[in-house]
Amino acid sequence: MSRHGRARRWSLVVALVAVLASLPAVVGALPADDADVAAADLRDAVLASDGVGFSGYAVSAGGLALPVGDQLPAVADLLSDRTALRVWWRGPAEHRVDVVSAAGETGVHVDAGGSWTWEYESATATRTAPAALTLPAPPDLVPATLGRRLLSEAADEELSRIGARRVAGRDALGLRLVPAAPAASVARVDVWADAGTGLPLAVEVVAEDASVPALDTRFLDVDLAVPPAEVVAFTPPADARVRTGQDAEGLLREAGRRLAPVPLPGELAGLPRRTLAGAPEAVGLYGSGVTLLAVAPIPARLASAIRSTLAAAPDAVRDERGTRVAAGPLGLMLVDAPGAGTYVLTGTVTLDALADAAQTLTGGPS
Amino acid sequence: MIGVELRKTFGRPRTWVTIAVLNALPVLVAVLLRLTDLAPRPGEGPPFLSAVLTNGQLYPLAALAIVLPLFLPIAVAVVSGDAVAGEAQAGTLRYLLARPAGRTRLLVAKLLAVLAFVVVTVVVVAAVGYLVGTLLFDARPVAAGTSVSGTSLTPEQLAGRTVMAIGYVAVSMLGVAAFGLFFSTLTDSPLAAALGALAVLVTSSLLFTLDAASPIAPYLPTRYWLAFVDLFRDPVLWRDVVRGLALQGVYVGVLLTAAWANFATKDVTS
């Protein structure tokens, strides 16, 4: 065979590889159509999108190493791992979110009377009553749900437009939220919403002084058609173990009963006090939007568990104002107020803001 | 020429010894499970293995999941690596090429013989898995079982999805076969060709576990191997299955073109 023919054959191979290797980059570089929509109008469209039916596949990547020890492994995993989600959304009270893993899945089916949680690995179906306040769960990471939640209290002056990009093959308009409160530990929240319906397709939360998002959740596939009711509904299989889930409302009532209300200031770290439906009265909540601070008086036993977790955290800040630790934008601090017991302070505020709040609570100069 | 290659592949005792050895591990696992009743903890071990104690009809899938990560690719790498380099080592390659059929046709015949080996091996593993599963564990003839999503699957649905899963696993092995065949045209040593294909797979499996390699993860040959589990979700999650099929197609296309470019102009001396 000639040297010429050999070169021609190999150049064909090289050309084939070059075309195939460049395809993803070419598809990724497809320009997105921007629309002349004001930031406040886009926020309103996002907040009104909870009735938009859709189904899709989303991936959430969290980088938060929560200092929760072994007490809340599910929450810690949710915010620190890569989670693949399948979503079928007919409305706020009728949807299904499956967490898909290589060898199994956990599905949450929400209906008007509560939710079913199906765990394949243990063949368990758990029925849970609706509650005003619950621990973070996989459905909270769906870009559409998270985007609406994070923008729900955003003021007009905190918002700006950041162009458009392609998300899940659709044109998505960018909206940036930069919290105005000086205490904020969230540097910015970028929400990319579907140009036609306002449905958030991707959300990135970036902490102060961070270069990569603390939480990044986005649709890889989305279909804006209302999914059939039978896909969302759930009937436990005949051989499944059926359980009743934790009564979150009862737990909150019990917490409210055990925690004696203590006088808390009307403002902490520059954030005004607020109320939240379902929260026990003894827990003080401050701030708004994505800048929130919670103060809770806690029993001595729980305090010592948190103290040892804080002591074990390698990147904890320790000084005369106390020990505090940050996981991305989330801060945690334990404060001993002389004569008033122990408080846990946590929220999306900076470590300095936590220390300021602690000094106010202990009566020192802030 | 294709018939000759097929007869050569399946006429060798070592082909059947390889298939028998491949089946030994799932059979051993099934016997141990039956004797001890100790299924892996939920979410651990190969997919479907924790479910077979209650439904033996799932054992073909568990058997494939057991051999998929290591045993099956090793067997495919050895057979495909031997395809051309084995002839060269035995000194028979130049006689084969002396026939008027041409090198491209020889390459296609070798490829089809390797494909046939992959399909036969996967089907035999699944069939032995079915026999072992239904003999050793409880089978459910009426309500066939529950999908990964917690819905009921009829026996027909379960059978259909199992056939699709067997097909998917067979296609997943084509990339390995293509690597083996390509390396087989580069060297006269079947061992070197098989080890080359295995090195690619080990590298791919390792990179897949690294967060730092996530930008290239969708292009790794082993990335979608376990996606056959998605066929048992309800509704079926086609995303990774379709990507897995397309990715294997790309690897097979590129590597066969490279094998052809190299082999068609190679100086054959042995």
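The values are calculated or read from the model by the stated rules, or taken from the named source; none is laboratory data. Keep in mind that what you see is a predicted model, and the values were worked out from it rather than measured. Note that we place each Cβ from the backbone using ideal geometry, even for glycine, and neighbour counts take in every protein chain shown. Areas reflect the complete protein model, heavy atoms only, side chains present, ligands, DNA and RNA absent. Shrake-Rupley method; radii C 1.70, N 1.55, O 1.52, S 1.80 Å.
A few comments on the model shown:
- Cα-centred dipole magnitude for the range A:51-244, charges only on beta-carbon of K, R (+1) and D, E (-1), debye, nearest 20: 280 debye
- Extending 7 Å from the Cα toward the beta-carbon at both A:L12 and A:D209 defines two label points whose distance is 6.0 nm.
- Averaged over the residues of A:96-107, the number of partner chain Cβ atoms lying within 10 Å of the residue Cβ comes to 6.
- Protection proxy ranking for A:335-346, A:13-24, B:73-84, using the average of other Cβ atoms within 10 Å per residue and placing the highest first: B:73-84, A:335-346, A:13-24.
- In plain terms, the chain from B:D37 to B:A127 could stretch by 30.2 nm, reckoned as 0.36 nm per residue minus the Cα-Cα distance.
- Sequence-separation-based contact order of chain B, relative, with Cα cut under 8 Å and 6+ spacing, percent: 25 percent
- FRET efficiency, B:T54 to A:D223 (Cβ-Cβ, R0 41 Å, nearest 0.05): 0.75
- Spin-label pair B:R12-A:S160: with each label point 7 Å from Cα along the Cα-Cβ axis, the two points sit 6.7 nm from one another.
- Chain A against chain B buries an accessible area of about 2700 Å², both chains summed, 1.4 Å probe radius.
- FRET efficiency, A:A187 to B:A199 (Cβ-Cβ, R0 45 Å, nearest 0.05): 0.55
- Base-10 log of normalised Debye intensity for the protein assembly as shown (one unit scatterer per alpha-carbon) at q = 0.11 Å⁻¹: -1.15
- Packing around the peptides A:29-40, A:197-208, A:352-363, taken as the average count of other Cβ atoms within 10 Å per residue, puts them in this order, highest first: A:197-208, A:352-363, A:29-40.
- Mean-position separation - Cα centroids, the range A:102-180 and the range A:281-309, in angstrom: 24 Å
- Of all accessible heavy-atom area on chain A, the percent that carbon and sulfur account for (1.4 Å): 56 percent
- Efficiency of FRET between B:L206 and A:A74 - r from beta-carbon atoms, R0 30 angstrom, step 0.05: 0.55
- When the alpha-carbon atoms of the range A:248-362 are used, the pair Rg, Dmax equals 13.5, 38 angstrom.
- Short-range pairs are left out: with C-alpha atoms under 8 Å and at least six residues apart, the relative contact order of the range A:51-244 is 25 percent.
- Beta bridges per DSSP with both ends in chain A, % antiparallel, nearest 5: 95 percent
- Among the trypsin sites (Lys or Arg not before Pro) within the range B:156-235, not one is in coil by DSSP while having at most 12 neighbouring Cβ atoms inside 10 Å.
- D by Stokes-Einstein for chain A, Kirkwood Rh over Cα pairs, 20 °C, 1.002 mPa s: 94 µm²/s.
- Protection proxy ranking of A:79-88, A:102-111 - average other beta-carbon atoms within 10 Å, highest first: A:102-111, A:79-88
- Net charge, A:R274 excluded, C-beta distance under 15 Å - Lys, Arg +1, Asp, Glu -1: -2
- Under 13 Å, Cβ to Cβ, from A:A355 - net charge with Lys/Arg +1 and Asp/Glu -1: -1
- Estimated purely from DSSP H runs of n ≥ 4, each contributing -39500 (n - 2.57), the mean residue ellipticity at 222 nm for the protein assembly as shown is -14000 deg cm²/dmol once divided by its residues.
- Taken residue by residue and averaged, Cβ atoms of other chains lying within 10 Å of the Cβ of B:222-231 number 1.
- Between A:P263, A:V108, B:V76, the Cα set farthest toward the positive side of the dipole of the protein assembly as shown (charges on each charged residue's Cβ, about the Cα centre) is that of B:V76.
- Counts of other chain beta carbons within 10 angstrom of each beta carbon in peptide A:20-30 average 1.
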